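Notes follow the structure.
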Amino acid sequence: MNLTAAEKKTIGKQIVAIRSSGCIRMIDIHKVHEIAQERGYVALCALIEQDPNKYALHILTGLWLGE
């Protein structure tokens, strides 16, 4: 999954919103996906469904796969 700069920014904001809530550990990918669905975070859901490794790398390092 190749992400545009706009998609990366959107996903980044969605990740921060979930992380800031403090309701889940961000490495719990299944729970993050569930919360993202509840909140209507389509871009984050798509990333987790299509490329969970890219999501995990971003959470652990702050980098996007392929950068």
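Please treat every number below as a calculation from the coordinates, not as lab data. All of these numbers come straight from a predicted model, not from anything done at the bench.
Stokes-Einstein D for the chain at 10 °C, 1.306 mPa s, Kirkwood Rh over Cα pairs, in µm²/s? Result for D is 135 µm²/s. Rounded to the nearest 10 degrees, what's the angle between the helix 5-21 long axis and the longest principal axis of the chain, both from Cα atoms, 0 to 90? Orientation of helix 5-21: about 20 degrees from the principal axis. Axis angle, to the nearest 10 degrees, between helix 29-39 and the longest C-alpha principal axis of the chain: 70 degrees.
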